[in-house]
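A.B. asks: This is the structure I have questions about; it appears just below.
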Amino acid sequence: MFLEAELEAKAEQNAYEIDRKLLQEGNKVFLVQDTVLTLADVEPVFFKEKSVVVKGLEDGAVILAKPVPGAFNGMRVRRVEEGVGSRE
């Protein structure tokens with residue numbers, strides 16, 4: 001069995017693809033501002049199996065790399081730089 005399909009797609013300006021697990025309440029993501037988590041509104045424009053394309057993030061905004069269980073608005077966090085750590 002074969003399927004033929006024609007899809008119409010459009011380019012989205014200022015959109016970012018993020019892990020779908022980072023989306024909160026369907027249209028929010030946690031930003032890291034200084035050392036505090038802030039819940040920010042975004043506009044999901046396209047869903048994939050494991051990711052979502054969103055608009056509404058400012059260039060340079062810092063979001064969580066992975067979901068944090070129990071995260072809440074105003075939670076204090078510490079940023080961990082990738083590749084930094086000790087091997088003891």
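The values are calculated or read from the model by the stated rules, or taken from the named source; none is laboratory data. Remember, it's a predicted structure, so these values are computed and weren't measured experimentally. Here the Cβ is made from the backbone with ideal geometry for all residues, glycine too, and neighbour counts use every protein chain on show. With ligands, DNA and RNA removed, areas are computed over all heavy atoms of the protein, side chains included. Shrake-Rupley method; radii C 1.70, N 1.55, O 1.52, S 1.80 Å.
A.B. asks: Could you work out the relative contact order of the chain? I mean the mean sequence separation of Cα pairs under 8 Å and 6+ apart, divided by the number of residues, in percent.
C.D. replies: 30
A.B. asks: If you add up the charges near Asn27, with Lys and Arg at +1 and Asp and Glu at -1, over every other residue whose beta carbon is less than 14 angstrom from its beta carbon, what do you get?
C.D. replies: 0
A.B. asks: Right, here's the next one. Leu39's amide H: which non-local residues (gap 5+, or another chain) put their own amide H closer than 5 Å, with H modeled 1.01 Å from N in plane and none for Pro or chain starts?
C.D. replies: Counting only residues 5 or more places away or on other chains, the set is Leu31, Gly74.
A.B. asks: Kirkwood Rh, the chain, all Cα pairs: how many Å?
C.D. replies: 15.1
A.B. asks: While we're here: What number in nm² do you get for the stretch 29-69 if you take the convex hull of its Cα atoms and divide its surface by four?
C.D. replies: In nm², the orientation-averaged hull projection of the stretch 29-69 is 3.4.
A.B. asks: Dipole of the stretch 7-61, Cα-centred, from +1 at each Lys and Arg C-beta and -1 at each Asp and Glu C-beta, to the nearest 20 debye?
C.D. replies: 220
A.B. asks: Another one. Run the accessible area of the chain with a 1.4 Å probe and give the carbon-and-sulfur part as a rounded percent.
C.D. replies: That share works out to 49 percent.
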